[in-house]
Amino acid sequence: MRIAMVHSSFAVRGGAESYVRDLTTALRARGHDVGVFTRDTPGGERTDHRVRERLSTRFAARLPRLVRKVLVHLGDLVDPTGMGPRDLRGFAPDVVHVHNWQELGVLPVARLAAAYPTCHSVHDHAICDPNNGRANLGRSRPLDALLGLRTRWIVGRLRRVRLLFAAERTLAEVRRRAPASERVRGEILPLAVPVAWHRLDWPAPRPDVFLFLGALTPHKGIDLLLDAWPATTGATLLVAGDGPLRAEVERKAATTPSVRYLGYVDGESKRAALAAAGWLVFPSQGAETYGLVCAEALMAGRPLIASAVAEPPIASGTSMLVFDDPSDLPGLLVRAAGMPAAEHAVLAASAAADGRRLDWDDHVDGVVRAYAAAGAA
């Protein structure tokens, strides 16, 4: 099968970007011909196929930031230029797999879907909110009404696209905000990560060691975690990742002996970080559709401490502790650090059971079935 993998940008090394690369590798290993199509931005690979940039993006490049942002979001909805079927003509795919339509535009994706069988993995909440963390929803009734109209417009343009949702709650939100979306050919396909950690023996987790693993940004809540960190419990906080708040993390680690910055980790270094930890802290301050890092922690048998707004759908209630308000986090960290070993072991066993359900090969099988269904429709 010839598969065109479409993603707007690899400038950020986030979960969706890693997933695109991992899925591409897995499909190629199974004998499929996979081409990655993306805009010309930092983070791309030499073998990626570059796609055309739309007019609204080129026009906005030299304008003030706020104006540029408005034009980007308007372009997502109404700019039909940029990427189109001719970008894929030489590759001649059997199926197109889109991972991010923002900054490509919903109309160009609709043109692709009219020319080729197309799937779209819904990695975020961009269908319902220009801010894919749902930061605009709930601010006011008039704004919610406008966002509802926007959702209906997007869903209408994607009516030929088979939408792949990582969790039922994301699909339910799209349907709630655009009832016509019930006619969209969507399905639930939980994500996974390409490791067999659920088959390995892991050291018993210690309740007094915490790990943050992810982008060092306010959206992911690293600043909240640093402010909440209790320096007097005898516990240890490991921070792994990179991003705009890296300098703040480095300052905290330099002045607080209980905080250690591990830098950006991947592969064996990520596995070592999880092996040393007893908890994964997931304090995101915006909605998350899945949380791939949570999948990795569960496969390692590490329970989670998560914010209610970002509560990962893959974790059972007995595999995590949840805080509703940021002011609750310091006390929850103290409670977790002092948790009796037997009680912590129960949470860890539940986490490991959740992790055993996240098999990468099973997930890739599901992706291939979705491609076949898109082609047969």
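The values are calculated or read from the model by the stated rules, or taken from the named source; none is laboratory data. Here the structure is a predicted model, which is why all the values come from computation and not from measurement. Cβ coordinates were reconstructed from backbone atoms using ideal geometry, including for glycine residues, and neighbour counts include every protein chain displayed. Ligands, DNA and RNA are stripped out before the accessible areas are found, and what is left, the full protein with its side chains, is counted by its heavy atoms. Shrake-Rupley method; radii C 1.70, N 1.55, O 1.52, S 1.80 Å.
Any residue at all in region 42-54 that's assigned to a helix (DSSP H, G or I) and over 17 Å from residue 95 (Cβ atoms)?
No, that holds for no residue.
Identify, from the list 74, 27, the residue that is assigned to a helix (DSSP H, G or I), closer than 21 Å to residue 374 by Cα and out of contact with any Cys (no Cβ under 9 Å at 6 or more places or on another chain).
None of the other options fit; the residue is 27.
Across region 278-309, what is the number of residues that are part of a helix (DSSP H, G or I) and of a type in the set (Gly, Ala, Ser)?
Residues flagged as part of a helix (DSSP H, G or I) and of a type in the set (Gly, Ala, Ser) within region 278-309 amount to 3.
Given the conditions (1) farther than 29 Å from residue 314 by Cβ; (2) free of Cβ contacts under 8 Å to residues at least 40 places away in the same chain; (3) of a type outside the set (Phe, Trp, Tyr), and given that residue 147 satisfies all but one, which numbered condition is not satisfied?
(1)
So residue 289 ticks every box in (1) among the hydroxyl-bearing types (Ser, Thr, Tyr); (2) touching an Asp or Glu at 6+ places or on another chain (Cβ under 9 Å); (3) open to solvent by 20 Å² or more (accessible area, probe 1.4 Å) but one. Which box is left unticked?
(3)
Residue 328 - would you say it is touching a residue at least 60 places away in the same chain (Cβ under 8 Å), out of contact with any Leu (no Cβ under 8 Å at 6 or more places or on another chain), part of a helix (DSSP H, G or I) and of a type in the set (D, E, K, R)?
When the stated conditions are applied, residue 328 does not pass them.
Across region 54-95, what is the number of residues that are at pLDDT below 90 and closer than 18 Å to residue 10 by Cα?
Selection size over region 54-95: 2.
Taking the stated definitions as given, is residue 120 in a strand (DSSP E or B), touching a residue at least 40 places away in the same chain (Cβ under 8 Å) and surrounded by 21 or more Cβ atoms within 10 Å (Cβ to Cβ)?
yes
Taking region 229-253 as the search range and keeping residues that are in contact (Cβ under 8 Å) with a residue 24 or more places away in the chain, farther than 18 Å from residue 276 by Cβ and touching a strand residue (DSSP E or B) at 6+ places or on another chain (Cβ under 9 Å), which one is surrounded by the most Cβ atoms within 10 Å (Cβ to Cβ)?
252
Kindly indicate whether residue 112 is aliphatic (A, V, I, L, M), open to solvent by less than 10 Å² (accessible area, probe 1.4 Å) and either at pLDDT 90 or above or at positive phi (or both).
Answer is yes for this residue.
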